[in-house]
Amino acid sequence: MSDDNKDTAGRPGPRERVIGTPSPAREKALLAEDDISAPAGVGDQLDEASAKRAERIVATLFLVAFAASVAFIAYFIGWSGRDGGMHGVSRARESNLWLGGLMALSFLALAFGVTIWVRRLMTSKPIVQERHELAADEETRAAFTEDFLEGADDSGITKRPLLRRTLLLAAAPLGLAPLVLLRDLGPLPEKRLRHTYWGEAVKKAQAEGKKGARLVVDGTNKPLRVSDFSSPGSMITVLPEGIEEELPEDQVLTQNAKAVTILINIPADQFKPAKGRENWHVNGIVAYSKVCTHVGCPAALYEQTTHHILCPCHQSTFDATDAAKVIFGPAARSLPQLPLSVEDGYLIATSDYHEPVGPSFWERG
């Protein structure tokens, strides 16, 4: 013990406590000078019995990855598109569960297999990488080739054909998956986006001897009388009668989203019916699609003083007094108008929209 650790009486004092690495200013280095590398030869050899067990585990994981990838492609092509495609919330939820779960299983099995391969089937001898100039000369390229071949030999990919074949088998479907996903560009919706449930409701009502389908208030499903909506400047959201009672549960939300309509009471002296639509309103009560023609957001804001309909997403603005024409924003066309009439004091729709609702970019077949 040095004299620095003794007190004035010559007795040993407390040892100096050292925390962390030595001070760089004092020691001029951050690493210990002693060689702490593993003894020569450690990690150069594998236990072949353990390696065989690990090889079987890795091959099994690669086969699981292959099976999951094939199942992903099979479900996407053959099952998710059944009965006309992935329409409705429940079908979308089902497809997300199966497609996401199978792809996750494939990637996880492949990752676990590669990890076990590296940890259990490759040697763990110390590797030292020296840093040199970035420019590669012939000698460097030759050395890289040699190191690459040595690494390939060390990985066992050349002498373990079972691993090589199962790895390629597992990776092949993953390479095809992006091409298969191009199927999302089809099938085309054909005529589905051209019509809403208003058309079916009107046909059903007319088959029962009525003039058209009654409008019901969204949320209460209460039929709407003209007298209930007599205040100028009012706005309310309506749907066709029977849409929630007659459709399967998994189709209600989809059909609601297409058929949702705003009803506005405009003072008669300010309303300007479009040519050919003179009888589409009831004393200034007019109905427009609530689906913005830009990207499909709900055009749900109404300014009573200017009679402007505003979409809050991108500020497309429509003039409710003039066939909902676009007066500002990125929307490319007017909101479609629903023909209205009156039967037994109730507001009714006499037909479906005469043009498709929703964004102009939709492919409508």
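Quick notes on this structure:
- Here the spin labels are modelled as points 7 Å beyond Cα on the Cα-Cβ line, and at residue 74 and residue 124 they lie 3.9 nm apart.
- A simple spin-label model places pseudo-atoms 7 Å from Cα toward Cβ; at residue 283 and residue 221 they are separated by 2.9 nm.
- Placing R0 at 30 angstrom, the Cβ-Cβ distance between residue 137 and residue 172 gives a FRET efficiency of 0.20 after rounding to 0.05.
- Most to least packed among 97-103, 279-285, 148-154, 66-72 [average Cβ atoms within 10 Å]: 66-72, 279-285, 97-103, 148-154
- Carbon plus sulfur fraction of accessible area for region 48-121, probe 1.4 Å, in percent: 71 percent
- Taking every protein chain into account, the 1.4 Å probe leaves residue 294 with about 50 Å² of accessible area, to the nearest ten.
- A simple rule links phi to the HN-Hα coupling: the Karplus curve 6.51 cos²θ - 1.76 cosθ + 1.60 with θ = phi - 60°, which for region 93-101 gives 5, 4, 5, 4, 5, 6, 5, x, x Hz, with x for Gly and Pro.
- Note on surface exposure: 168, 61 rank 168, 61 by accessible area, highest first, 1.4 Å probe.
- For residue 285, the residues whose amide H sits under 5 Å from its own are 266, ignoring neighbours fewer than 5 places away on the same chain, with H placed 1.01 Å from N.
- Difference of contour (0.36 nm per residue) and Cα-Cα distance, residue 253 to residue 159: 28.1 nm
- For the residue pairs 191/290; 191/272; 191/222, the C-alpha atoms sit more than 24 angstrom apart in 191/272; 191/222.
- Prolate/oblate/rounded label for region 48-121 (Cα gyration tensor, a/c 1.5): prolate
- Annotation note: GluC sites (Glu not before Pro) in region 272-365 located in DSSP loop regions with a Cβ neighbour count of at most 12 within 10 Å are 278, 363.
- Cα shape, region 197-349, gyration tensor, a/c 1.5 rule: oblate
- Average Cα contact separation per residue, region 197-349, under 8 Å, 6 or more apart, as relative contact order %: 23 percent
- Table column - 3J(HN,Hα) (Hz), region 255-272, Karplus curve with 6.51, -1.76, 1.60, x for Gly and Pro: 5, 4, 5, 7, 8, 4, 9, 9, 10, 10, 9, 9, x, 4, 6, 10, 7, 10
- Pairwise label distance in nanometres, residue 301 with residue 245, each label 7 Å out on the Cα-Cβ vector: 3.7 nm
The values are calculated or read from the model by the stated rules, or taken from the named source; none is laboratory data. Everything numeric in this text was worked out from a predicted model, so none of it was measured. Positions of Cβ are backbone-derived with ideal geometry, glycine not excepted, and every protein chain shown enters the neighbour counts. Heads up: the accessible areas ignore ligands, DNA and RNA and are worked out on the full protein's heavy atoms, side chains in. Shrake-Rupley method; radii C 1.70, N 1.55, O 1.52, S 1.80 Å.
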